[in-house]
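I have placed the structure first, in the form of structure tokens, so that the comments after it can refer back to it.
The values are calculated or read from the model by the stated rules, or taken from the named source; none is laboratory data. Here the structure is a predicted model, which is why all the values come from computation and not from measurement. Backbone-built Cβ (ideal geometry, glycine too); neighbour counts: all protein chains shown.
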Amino acid sequence: MKATELRIGNWLIGCDGINFKIDGHGIFTVEEEHTDCIQPIPLTPEILIKAGFKERPHLSDWFFKLPNTGTIFIYSYVFSMLSICASNEKPALFINMEYLHQLQNFIYILTGKELEIVL
């Protein structure tokens, strides 16, 4: 994982195996040998639920509707793929996504707001 993929607000797994949030106090100022053990958090059903996604068992995927918009995100485990579509439309964009920080960054880029999630 590269530090350039991360920003304040991202959740990661620390060297001690505990989830932590980058808070702007310089987590990457620790000794270099400790940054190698920081890992991304995989997108799992538990993580998606905490991020506000709802399961669609009959379609084997998860969805999230952006508040006050017609935009819907659909996450497929089969392909590790996030699809974006307008309400009642076919997906218009497909993005390979495996980790929580990628989802957080993508939502932030699109909306200018943080994805609300507490781990």
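For the reader, a short list of remarks on this structure follows.
- A count restricted to segment 56-72 and to residues that are under 16 Å from the mean Cα position of the chain (by Cα) and without any contact (Cβ under 8 Å) to a residue 24 or more places away in the chain stands at 6.
- Scanning segment 41-54 for residues being surrounded by 14 or more Cβ atoms within 10 Å (Cβ to Cβ) and either in contact (Cβ under 8 Å) with a residue 60 or more places away in the chain or not aliphatic (A, V, I, L, M) (or both) gives a total of 7.
- L93 being modelled with pLDDT of 85 or more and surrounded by fewer than 16 Cβ atoms within 10 Å (Cβ to Cβ): yes
- Those residues of segment 16-35 which are at pLDDT 85 or above, among the hydrophobic types (A, V, I, L, M, F, W, C) and farther than 16 Å from Y108 by Cα, in sequence order: I18, F20
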